[in-house]
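Q: Take this structure, written in structure tokens, and hold onto it; I'll ask about it next.
The values are calculated or read from the model by the stated rules, or taken from the named source; none is laboratory data. Small disclaimer: the values here were computed from a predicted structure and weren't measured. Cβ placement follows ideal geometry from the backbone for every residue including glycine, while neighbour counts extend to all protein chains displayed.
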Amino acid sequence: MDNNFSDHTAMTPINENICLNVCTTTDDFDKLKQGLTLLEQAKTFDHNRDYYAAIRHYRDGVDYIMDEFMSRPCANDQSKEYLRLKCHKILNRVDILKKLIKQQEHETLQQAMNVEEQ
């Protein structure tokens, strides 16, 4: 076993090679795959301005990924920190979407009030 494994492996958002020497069953990465699928769906919802669905999928995707990697003894500190930062960025996007929803609700309310006044 190569002790310098992480030195020769490029750092990617999710580098499955980090756990290959310890995690061997085929379903080891089921939560990771589900999380990535949810994040891809979230991006699609976000792009289509379905912010409620995007928020739900972003949160669920982050939960799956964090649960998968933070519970693994084979994940190194560098990969855990990288994932933590990426998840933090995703959750910041969730906060932005919440603000957009509030703004849209406020604008809709203002429009409804203007129509009633006329």
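Q: Would you point out which residue out of THR25, THR108, THR12, THR44 is of a type in the set (S, T, N, Q) and at pLDDT 95 or above?
A: Only one candidate qualifies: THR44.
Q: Another one. Considering only the stretch 60-77, how many residues are modelled with pLDDT of 85 or more and either exposed (fewer than 15 other Cβ atoms within 10 Å of the Cβ) or in contact with a Lys or Arg (Cβ under 6 Å, 6 or more places away or on another chain) (or both)?
A: 2
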